[in-house]
Amino acid sequence: MSFLRGYLAALIDPTYRTNALKVAAIVGSILLAINHGAALTQNKMTRARWISAVLTYCVPYMVSVHGQYVSRTKKL
């Protein structure tokens, strides 16, 4: 349970944020183009697609923070 608390705190920790935002921007944009590119170019984005698009950026952010957090906690 302490790992989960630490990870959740790491999601908003500035020491993890900068790198995670860069990863989310790059990976999220690639995934957005793959998953929603046609709908974007054809102006067919629905509300559900926009919600999915936002989550497309959240997942790489969370994965990046997780990797950083695990790496730093193992060093301690």
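Across the protein chains, with a 1.4 Å probe defining accessible surface, the residues 73, 18, 56 rank 18, 73, 56 from largest area downward. For the chain, the solvent-accessible area with a 1.4 angstrom probe is 72 square angstrom per residue. One entry in [x] 30, 12, 8; [y] 28, 13, 8; [z] 21, 14, 13 is semi-axes √(5λ) of the Cα gyration tensor in Å calculated from the shown coordinates; its label is [x].
Relative contact order (percent) for the chain, with alpha-carbon contacts under 8 angstrom and 6 or more residues of separation?
48
Screening the chain for DSSP H helices whose Cα atoms reach 20 Å or more along their own axis and whose mean Kyte hydropathy is at least 0.0 gives 14-41. Paramagnetic label reach from residue 22 (point 7 Å along Cα→Cβ; backbone nitrogen cut-off under 18 Å): within region 44-76, residues 60-72.
Taking all protein chains in place and a 1.4 Å probe, what share, in percent, of the accessible surface of the chain do carbon and sulfur account for? If you can, show how the numbers build up before the last one.
Working: 3700 of 5460 Å².
For the chain, the apolar C and S fraction of the accessible surface comes to 68 percent.
In straight-distance terms, cross-link reach from residue 44 covers every one of the lysines whose alpha-carbon lies under 16 Å from its own, apart from those fewer than eight places away in the same chain; here that gives an empty set. Each residue, residue 63 and residue 30, gets one label point 7 Å from its Cα in the Cβ direction; the gap between the two is 0.9 nm.
The values are calculated or read from the model by the stated rules, or taken from the named source; none is laboratory data. These numbers were taken from a predicted model, which means no experiment stands behind them. Cβ: placed from backbone, ideal geometry, glycine included. Neighbour counts: every protein chain shown. Accessible surface is based on the protein model in full, side chains and every heavy atom, while ligands, DNA and RNA are left aside. Shrake-Rupley method; radii C 1.70, N 1.55, O 1.52, S 1.80 Å.
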